[in-house]
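Here's the structure we're looking at; comments come further down.
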Amino acid sequence: MRKLSGIFTLLLMLACQWDAQAQVGSIRGTIYERATGEPVIYTNAILEGTTRGASTDVNGVFTISQVPAGEYTLMVTYLGFDTLRERVQIEANKVEQIRLFLDKSSVQMQEVEISAERQERLTNVTMAVNKATPKEIKQIPSIGGVADLAQYMQVLPGVIFTGDQGGQLFIRGGSPVQNLILLDGMVIYNPFHSIGLFSVFDTDIIRSADIYTAGFSSKYGGRVSSVMDITTKDGNKRRTSGKIGASTFQANALLEGPIIPQSEDSDFSMSYLLSAKHSYLDQSSRIFYDYLDQDGLPFSFTDLYGKLSLNAASGSRVNFFGFNFQDAVRFQDLSSMDWNAYGAGSNFLLSIPGSPILMSGHLAGTNYEISLAEQGSAPGAGLNGEVALQGPPPPRTSQISNFNFGLDFKAFSGDNEVSYGLEIVSFSTDFRYTSPSGRRLSQAQSNSEVAIYGAYKVKLERLILDIGLRIHNYSSIKVIRPEPRVGAKYILTEKLRLKAAAGRYSQNLIAANSDQDVVNLFAGFLIAPSDIPNSIELEDGSVRELPNTLQTANHYLIGFEYDFTNKLSANVEGYIKDFRQLSEINRNRLFSPTRPPQGADPILWREFTVETGLARGIDFTLKYEDRRYYFWLVYSLGKVDRWDGVQAYNPIFDRRHNLNLVGAYSFGKNKEWELNARWNYGSGFPFTQNQGFFLQENFAGGVNTNITQTNSNDVTIQYAGLNQGRLPDYHRMDFTIKRVFEFGTNSNLEVSASVTNLYNRQNIFYVDRLSGDRIDQLPLLPSAGVVFTF
């Protein structure tokens, strides 16, 4: 810890000295929408007549540094807003602070918007990252009349969705526990509801969702696959406003407004935001979808979020927020599940007048708990796939409590940028599980981590380098792990750019679920166990030493971007995720670890085992956008292999081909009508086939049991090889039509009608292993909704 503090202090001193050497001035500004006071993100601010400019970040802040002293005209352009020009005076060795307000305009500026997107690609590596705003999310068909981040993410390159009911998202070969989910800096452990169509996030409160599918920067750590960093908007700083909506799936409400209003002359403002949504699908489906099941669909959820924002004229701000997300599902004669997540926190941005450094930070605490009760028989793993079916075990439970604190610093020098920071994470888990065969597994542990990071982005004519280092101290297991990260882009021409990235990643958290579950609803968590082997024999017979219990992975990416026109662009990325060490619940365990038979292979009695894995693939993206049309084609070719020390297999989310076609069309005099469509095709997932059945003798009389005179009622399944079968291919089309009725400047009514699974494709969900009955995913499912905005 002392070494990390010293390195962090050194980084701070170097950054201050680095900027202080410049004998020129800087301008830092925050850009707001005048009507709401919401920061304008990802737009360009340019000193007219020069090549100097910058894009605003997720807080609406931009910095243009290394500017020779003098008077300039600052120009800001953004789609749907009037172009803004402001005279500014730059003084040597000073940071000019400015606040700007944009007015909405009826004049379309599509070409300017596309140029802003291109500018981002010309100044940043942009490898394996997708930045979504509510505008992009709402271009996906809104199932149940509600646009949702979960539906948007299913279209992203490299993202695999496992189903409508109980589905999870697997990102470029990584499982859900390997994805870091942040909401305003708070760690979210389960971001998706059981029905699989909806996330816990209300689209209308999202400012930006940055989704890193691989090769993420040194700012993020503690996960080995991907990052989803979601920032919510502030409440309306000018007037009270909101939304009320209802559909056949759910109801939602949003209320926001000023406590202390913002104005051009005020030095301080305060606003609030409250959001709620509740699904009554378990009730409404009995009325609207009784053809599915007379008892209705078994899903329900409630999501609450609140935020208080305090903003200073300098651009500094502090936010306080909290959430409560709940989910429940009742599969009759199979299982019932409930989870509850809640948390609170604060974040801030400090823009000190005259200082070259931007400082931000966050402090948060969250809790997640889940319980799964199996109503009928359930399988317990054994040697060679022999699984004894017993009565229902006690409920499976998992709880994780998390605390995290972080500080981030950023400084600029022309097109170059240095960032560094500190992160402290502490979490505890409590997991309890009894298998059908009576084996009990419980764990209650705590974990603490401290990390520092530094990154330097430099532009050298046509080459952009983003070099970073994260030093992650896993205090609980006394491991300090250096993790270098690097990204690069070479601009061959203004239209063609090559890019690459690589990095080392680690985590100390594993999933508490099993691939053997018929319906995989249980999203529980465990701290990576210490009871693992010291080495693993690989598939080729070589032995890999395991110096500690950390799960680790290396990422390698290469790709290119090409702009055919201002409206049509392509992106191609190839990736490899080399999972060097993964901890998993031992599916081959037969005996208690406290009393294993003498000479038994450890694979037969260890509670946990170590696996290795390799995920590789290539993703193609083609995007076209103009004022009325939007088209998005995404094709992913991927393969995921795992080795558990005994056998090689493909995990249940290994999908070889995945294709998404998305289209949107706006029409009418004021584009009051909109059509959205999406078609998805995916090749079949792996699954383990039944090989046979037999009656398992329980030897109730011990060695004196006469097996010729006893009758067993314990049916046992003999499985075939692990995941050697393939389910049928999946494909589905969704469609939405919307109409907006304007009632005034600030009020309107949106009416929508949607159809999920338009041509009623029978996509398989699972097959009951005993009866052989096939259960399908959702059939043709029409829905309608209304949203009133005021």
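The values are calculated or read from the model by the stated rules, or taken from the named source; none is laboratory data. Please read these numbers as outputs of a predicted model, since none were measured by experiment. Reconstructed Cβ throughout: ideal geometry from the backbone, glycine too, with neighbour counts over all protein chains shown. For the accessible areas, the whole protein counts, side chains as well, though only heavy atoms, and no ligand, DNA or RNA atoms are used. Shrake-Rupley method; radii C 1.70, N 1.55, O 1.52, S 1.80 Å.
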> If a residue has to be within 30 Å of VAL755 (Cβ to Cβ) and either surrounded by 21 or more Cβ atoms within 10 Å (Cβ to Cβ) or without any contact (Cβ under 8 Å) to a residue 40 or more places away in the chain (or both) to count, how many in the range 246-271 make the cut?
Replying inline: 7
>> Among the residues in the range 752-765, are any closer than 26 Å to LEU521 by Cβ, assigned to a loop (DSSP other than H, G, I, E, B), at pLDDT below 95 and in contact with a Phe, Trp or Tyr (Cβ under 7 Å, 6 or more places away or on another chain)?
In response: yes
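Among the listed residues LEU281, LEU274, which satisfies the condition of being within 30 Å of the chain's Cα centre (by Cα) and either free of Cβ contacts under 8 Å to residues at least 24 places away in the same chain or under 20 Å from GLY343 (Cβ atoms) (or both)? Steps first, please.
Numbers: LEU281 fails: either free of Cβ contacts under 8 Å to residues at least 24 places away in the same chain or under 20 Å from GLY343 (Cβ atoms) (or both).
One residue alone meets the criteria, LEU274.
Matching residues to (1) exposed (fewer than 12 other Cβ atoms within 10 Å of the Cβ); (2) modelled with pLDDT of 90 or more; (3) under 30 Å from TYR490 (Cβ atoms):
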{"residue": "PRO529", "(1), (2), (3)": "no, no, no"}
{"residue": "PRO533", "(1), (2), (3)": "no, no, no"}
{"residue": "VAL543", "(1), (2), (3)": "yes, yes, no"}
{"residue": "GLN551", "(1), (2), (3)": "no, yes, no"}
{"residue": "TYR556", "(1), (2), (3)": "no, yes, yes"}
{"residue": "GLU561", "(1), (2), (3)": "no, yes, yes"}
{"residue": "ASN566", "(1), (2), (3)": "no, no, yes"}
> Checking SER106 against (1) open to solvent by 10 Å² or more (accessible area, probe 1.4 Å); (2) modelled with pLDDT of 85 or more; (3) not in a helix (DSSP H, G or I); (4) not hydrophobic (A, V, I, L, M, F, W, C), which test does it fail?
Replying inline: (2)
> Exactly one of (1) open to solvent by less than 60 Å² (accessible area, probe 1.4 Å); (2) aliphatic (A, V, I, L, M); (3) over 21 Å from GLY663 (Cβ atoms) is unmet by VAL751. Its number?
Replying inline: (3)
> Can ILE160 be described as closer than 26 Å to GLY684 by Cα and in a strand (DSSP E or B)?
Replying inline: yes
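Listed residues ASN59, ASN44; which is at negative phi, at pLDDT below 90 and crowded, with 16+ Cβ neighbours inside 10 Å?
Working: ASN59 fails: at pLDDT below 90.
The unique qualifying residue is ASN44.
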>> I need a count of the residues in the range 708-726 that are modelled with pLDDT of 85 or more, open to solvent by 30 Å² or more (accessible area, probe 1.4 Å) and not in a loop (DSSP other than H, G, I, E, B).
In response: 1
>> I'm trying to understand the selection: among the residues of the range 492-505, which are open to solvent by less than 70 Å² (accessible area, probe 1.4 Å) and modelled with pLDDT of 95 or more?
In response: LEU496, ARG497, LYS499, ALA500, ALA501, ALA502, GLY503, TYR505
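For the range 393-422, which positions are closer than 30 Å to TRP605 by Cβ, open to solvent by less than 40 Å² (accessible area, probe 1.4 Å) and not hydroxyl-bearing (Ser, Thr, Tyr)? Explain how you work it out, then say what you get.
Going residue by residue through the range 393-422, those that are closer than 30 Å to TRP605 by Cβ are 393-400.
Okay, now just the ones that are also open to solvent by less than 40 Å² (accessible area, probe 1.4 Å), so 393, 396, 398, 400.
Listed by number, the residues that qualify are PRO393, ARG396, ILE400.
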>> Against the definition (part of a strand (DSSP E or B) and modelled with pLDDT of 90 or more), how does ALA388 come out, yes or no?
In response: no
>> Being under 11 Å from the mean Cα position of the chain (by Cα) and more than 16 Å from MET153 (Cα to Cα) is the filter here; which residues of the range 189-205 pass it?
In response: TYR189
> Looking at (1) among the acidic types (Asp, Glu); (2) modelled with pLDDT under 90; (3) surrounded by fewer than 17 Cβ atoms within 10 Å (Cβ to Cβ), can you tell me which one GLU71 breaks?
Replying inline: (2)
> Residue check, LEU297 against (1) out of contact with any helix residue (DSSP H, G or I) (no Cβ under 8 Å at 6 or more places or on another chain); (2) surrounded by 19 or more Cβ atoms within 10 Å (Cβ to Cβ), all met but one. Which one?
Replying inline: (1)
> Within the bounds of the range 191-208, is there any residue that is out of contact with any Ser or Thr (no Cβ under 7 Å at 6 or more places or on another chain) and surrounded by fewer than 21 Cβ atoms within 10 Å (Cβ to Cβ)?
Replying inline: no
> How about the range 549-598: which of its residues are more than 18 Å from ILE510 (Cβ to Cβ) and among the aliphatic types (A, V, I, L, M)?
Replying inline: LEU557, ILE558, LEU568, ALA570, VAL572, ILE576, LEU590
> Looking only at strands (runs of 3 or more DSSP E) that fall completely inside the range 592-707, which ones have 2 or more residues that are open to solvent by less than 20 Å² (accessible area, probe 1.4 Å)?
Replying inline: 608-625, 629-643, 657-667, 673-682
> From the set of residues in the range 423-442 that are over 26 Å from the mean Cα position of the chain (by Cα) and open to solvent by less than 20 Å² (accessible area, probe 1.4 Å), which is modelled with the highest pLDDT?
Replying inline: LEU441
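Mind counting the residues in the range 227-259 that are part of a strand (DSSP E or B) and among the polar types (S, T, N, Q)? Let's see the steps before the verdict.
Residues of the range 227-259 that are part of a strand (DSSP E or B), as a first pass: 227-232, 241-247, 250-259.
Filter once more, so that each one left must be among the polar types (S, T, N, Q): 231-232, 241, 247, 250, 252.
Residues in the range 227-259 being part of a strand (DSSP E or B) and among the polar types (S, T, N, Q): 6 in total.
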